[in-house]
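Taking it in order: structure first as structure tokens, then the write-up.
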Amino acid sequence: MRQSSRLWPSFRRTVIALTALLGACIVPGNESAFNPAGPQAGRISTLWWFMLAAATAVWVVVMVFLAWAVRRSRQRDQALREPAGDASMQRGVVVGGALTVLILTAFLIADIATGRALGALPRKNALRVEVIGHQWWWEVNYIDPTPGRIVTTANEIHIPVGEPVQIIGSSPDVIHSFWIPNLHGKKDLVPGHTTSTWLRADKPGVYRGQCAEFCGAQHSKMTALVIAEPRPQFDAWYNAQLASARPPSNPVTARGQDVFLKSSCVVCHTISGTLAAGTLGPTLSHVGSRLTLASGSLPNTPGNLAAWIVDPQRIKPGTRMPSSNMNQADLQALVTYLESLK
Amino acid sequence: MTVARGVAPLLPLEVETVRPDPVAPQVWEEVELTDADQELRKELLDTWGDNPGLWGWLRSTSHLSIAKRYIITAFLFFGLGGLEAGLIRLQLSQPENSFIGPDRYNQIFTMHGTTMMFLFAVPVMVALALYLVPMMVGARDVAFPRLNAYGYWVYLIGGLFVYVQFLLNTAPDAGWFSYVPLAGPEFSPGKRVDTWAQLITFTEIAALVAATEIIVTVFKHRAPGMSLNRIPLYVWAMVVTSFMIIFAMPSVATGSQFLAADRLIDTHFFNHAEGGDSLLWQHLFWFFGHPEVYIIFVPGLGIISAIVPAFTRRPVFGYPVMVLALVTTGFMSFGLWVHHMFTTPIPQLGQSFFTAASTMIAIPTGVQIFCWIATIWAGRTRFATPMLFVIGFFVVFIIGGVTGVMVASVAFDQQAHDTYFVVAHLHYVLLGGAVFPLLAGVYYWFPKFTGRMLSERLGKWNFWLLIIGVNVAFFPMHILGLEGMTRRIYTYLPETGWGPLNAVSSAGAVIIVVGMVVFAINFFWSLRRGKTAGENPWGGETLEWATSSPPESYVFMYLPVVKSRAPLWSEGSERVVVGGLRSDVRDTLTTTLMDAEPDHRQSSPAPSIWPLMAAVATGVMFISAVFTPWGLVVGSVLLFFALFFWGWPDKADQAKRLAGESEATA
């Protein structure tokens, strides 16, 4: 009994410590499946809390029985000789097995019900957005029957609040996975396949998510933002994106445009209304209107943009964008020009 | 006793009863050797012992030597994998840490996964079995000793190869799962992924060899009387594991060869532009990869079943149910692989099937857990370190088990997949389900391996540090995952808010490292200073405890005969043994599959250098194939010669055997 009295409190302490840790840790963050902003994530979150409760109960019950069995067996002078106790053990195992089957069946039913609910999102007048994963940024195309109304942008997806959105995913290079935890689960973008997923944001906000399938050197810095805003704001944004890039309005921005067009930038980037029509990198037609740079790596400020242009490899080692060697004035002008492209 | 069935042996086999004991002991007692025994012992040592010196060491085919090397090598790789884990936790301990860059980080996490899965977990489990299973079924060696040695050498060469590449900065960097097209020729130029693909081939061969050894040893070399329903549960677990290896490995072998071919000779198995498909890789990989988890975990279940009786003084309750649960787990593990692919474009109906299967596989494991708890309840539990680790298994593994049921749900998995939630889940399962039982097993069988006990005091430190460390390191990851932290990222921004929990997790990693250092200290200290163990220090009931500790090269002086499931606890006072086996050549006994009736005598081959040579040839073949397809041709020719000499009869051995047989018939 000497050892039992030492083991028992330490076991209890462990349980208490674990419970405290659990309580301290579940604090919903911003980019969190615990903090749903749409019906899909909401459904899954409900399922999660149900499963967490059931799973915790299972763990606690098994631990209690284990502790009880240990205590019982330490009070005995010697083990029960077979077959003594077999009948009660058999009862215990059968009841345990039956409960396991019941609980698992409940899990299964809950999962299927949630799956059906996820598929039942009303889809009338859906906005269709094509998301193409590249190493390591997101190309975003808004699909419209009128070719002139197709908007192309990158890394930031504006959607109207309360309306269904179909995300049509694909990838020209490796497998990526599109995931916005606040809105819905993830969907892989597999080369040679087109995938589709639906989501709806019921609250305005900026929802962040990272590429979820390992896609190479900069898998870590491949962030997408979904910006949910009321319909009027969305329409305003959409129309602004439809327009050609703003022409330079002063000598500095004019010089900036000149620097851009004469450098290697044009090989990969597009600025509508100019000769720059590269498609290897994200379009820059309205880069000044974005919140972040380098696929969510940096806030979009002139300083960060300059740092990014000069030495992208320092910020995102392995990125396809090469460093540029230009003098201070050119850089200044280029940054001013790009930031003016609202 | 009739012996001859099928092939009649030249010498009569008989079952003798030796040394009746007036008092019936509960556990077999050690016996004093008579002069005749001493003489027999000397002869057996001559016959079965390794030759002295380096040459003898290289030629050794004894399962005791091979398995010991195997276990030690696997633990060294465990250390390396742990070191990599430490580096990962160091890098992630704070946001935007610049300790390791993405290129190095991707190699490190790939090596961590690859090492732990392919170079530690599976090898250490089969290695333990290669040591114990023959003893537990009452055999002197595995069925094919030379093949056994070959398997070890192939494994060692593969492991060394990938670590040399790591030092040269050309370690694989596409993850332990090497998804195409990222791992394909276009997006992973260079030799990194080729190294991975060939390492997989090495470990596949080693695992298949070990599985074959275990199955044939158990099916054909059991002690007379050990019918199928008397096989120890640990041995059953290893039989199930071995069958899973045999059915799972060909899938990844196909996959890795397709990958190597795509990279080396421009085939297009996975290139969608030419009609291939990258999802094919995922199916091939996970058809192996999911059973792989059970290949690691089922031996853990077996270890628990081996330890619980010794510490509760009672056989595990519900033997038939336990065996059926193991077999069911083995079968079902092949019906789950798609739950690794719930976010890929596959039909929803198919997904539901795999959800159901993934959920229901919890039933056999649950039943086993209930049976163990029942056994503990009915027993008289003692808390030595092995039993503490068994309790640790319950505490940690069940957390991993219930989160496993959660991620089996398609809906929830869409959120959890490829996040730190899954990292937490899999570490709870593998640490709880494999490492805790494994350490329990090391504490339990260390006296058998070395003749000395591990320190109980250090063992308890080891246990408490580990269980606290594991929970501190991995529990926060559940939350991190659902807060959006994806897997395999080398850094994260401060505004994600993931910093504090990552710091906690890294602190937990430090505790784990301290715990494992205590284990290492305990190991080395006890190796020299540990308390001397007798034959059966824990009072175990299976046959490995009926030999000296450490066992002599011949293991059993007389092969045992068993009459029950717990031979060392059996009523009665007699040790019944097999007679009539020769001691001047490596004679072994084969028995029938179902009832383990003596079938005939079989000669086990003498030590040979050729298994090592064949492994070297295999190494030349696979390693050079990384650089040129012609490597396969050259390697095949070398391998042909190695195998040719491998099978060449040893004249001296042959002459001795023939002389002995004619003497006996004369």
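Laid out as a table, the results:
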quantity	calculated
5 angstrom amide H check on B:Arg452, placed H, neighbours 5+ away	B:Ala533
Using θ = phi - 60° and Karplus 6.51 cos²θ - 1.76 cosθ + 1.60, couplings along region B:402-408 (whole Hz; Gly, Pro as x)	6, 5, x, 5, 4, 6, 5
Amide hydrogen neighbours beyond the local backbone of B:Met226, cut-off 5 Å, H modeled	B:Val562
Residue-averaged [θ]222 nm for chain A, counting only DSSP H segments that reach four residues, each worth -39500 (n - 2.57)	-14500 deg cm²/dmol
GNM top mover of A:Ala54, A:Ala254, A:Ala87 - chain A, alpha-carbon springs below 10 Å	A:Ala87
Environment charge of B:Met249, counting only residues whose C-beta is closer than 11 Å and scoring Lys/Arg +1, Asp/Glu -1	-2
Most mobile listed residue (A:Leu102, A:Leu80, A:Leu199) in chain A, GNM with C-alpha springs under 10 Å	A:Leu80
Degrees between helix B:348-360 axis and first principal axis of chain B (Cα, 0 to 90, nearest 10)	40
Partners for B:Lys448 among aspartates and glutamates (Cα-Cα distance below 13 Å; same-chain residues under 8 apart left out)	B:Glu535, B:Glu544, B:Glu552
Calculated FRET value between A:Lys203 and B:Trp57, using beta carbons and R₀ = 45 Å, to 0.05	0.05
Where labels lie 7 Å past Cα in the beta-carbon direction, separation of B:Val637 and B:Glu96 in nm	6.0
Between 0 and 90°, nearest 10: helix B:122-136 axis offset from chain B longest Cα axis	20
Value at 222 nm in deg cm²/dmol, rounded to 500, when DSSP H runs of n ≥ 4 in chain B each add -39,500 (n - 2.57)	-21000 deg cm²/dmol
For residues of B:382-388, the mean tally of beta carbons on other chains within 10 Å	2
Distance between modelled label sites at B:Glu39 and A:Val94, nm, 7 Å Cα→Cβ extension	6.0
Spin-label pair A:Thr146/A:Ser263, simplified geometry with 7 Å Cα→Cβ offset, distance in nm	3.6
Average partner coverage of B:490-500, which counts Cβ from other chains inside 10 Å	4
Per-selection Rg to Rh, the protein assembly as shown - Cα, Kirkwood hydrodynamic radius	1.03
Segment B:Glu495-B:Leu83, length gained on full extension (0.36 nm per residue, minus Cα span)	145.4 nm
C-alpha center-to-center spacing [region B:218-268, region B:545-613] in angstrom	24
Long-range amide H partners of B:Met485 with built H, under 5 Å	B:Tyr420
Test item: B:466-474 mean partner chain Cβ contacts at 10 Å	1
Using alpha-carbon coordinates, inclination of helix B:192-220 to the longest axis of chain B, degrees	30
DSSP bridge orientation in region A:143-296 - percent antiparallel, rounded to nearest 5	75
From phi via Karplus (6.51, -1.76, 1.60), per-residue ³J(HN,Hα) for region B:161-169 in Hz, x at Gly/Pro	4, 5, 6, 5, 4, 4, 5, 8, 6
Packing rank of B:393-406, A:173-186, where each peptide gets the mean count of other beta carbons within 10 Å, highest leading	A:173-186, B:393-406
Within-15-Å neighbourhood charge of B:Leu90 [Cβ basis; K, R +1; D, E -1]	0
Rounded, prolate or oblate (a/c below 1.5 giving rounded, otherwise prolate when a/b exceeds b/c) for region A:127-242 by Cα gyration tensor	prolate
For peptides A:35-41, B:596-602, A:228-234, sequence by mean Cβ density within 10 Å, most packed first	A:35-41, B:596-602, A:228-234
P(r) weight above 20 Å for region B:346-454, C-alpha pairs, percent	52
Rounded to the nearest 20 debye, dipole of the protein assembly as shown from Cβ charges on Lys, Arg, Asp, Glu	2160
Listed residue pairs exceeding 23 Å between alpha carbons, taken from B:Lys531/B:Lys563; B:Lys68/B:Lys460; A:Lys187/A:Lys221; A:Lys187/B:Lys191; A:Lys262/A:Lys316	B:Lys531/B:Lys563; B:Lys68/B:Lys460; A:Lys187/B:Lys191; A:Lys262/A:Lys316
Nearest-0.05 FRET efficiency for A:Asp311 and A:Arg72, computed from C-beta distance (R0 60 Å)	0.30
Net +/- balance of residues flanking B:Thr628 in space, Cβ distance below 14 Å, scoring K and R +1, D and E -1	0
Whole-Hz couplings from phi, Karplus 6.51/-1.76/1.60, listed for region B:285-297; x for Gly and Pro	5, 7, 5, 8, x, 6, x, 3, 4, 6, 5, 7, 8
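Values quoted throughout were computed directly from the atomic coordinates according to the rules given, and no laboratory measurement underlies them. None of these values were measured; they are calculated from a predicted model. Positions of Cβ are generated from backbone atoms using ideal geometry, with glycine treated the same way; all protein chains shown enter the neighbour counts.
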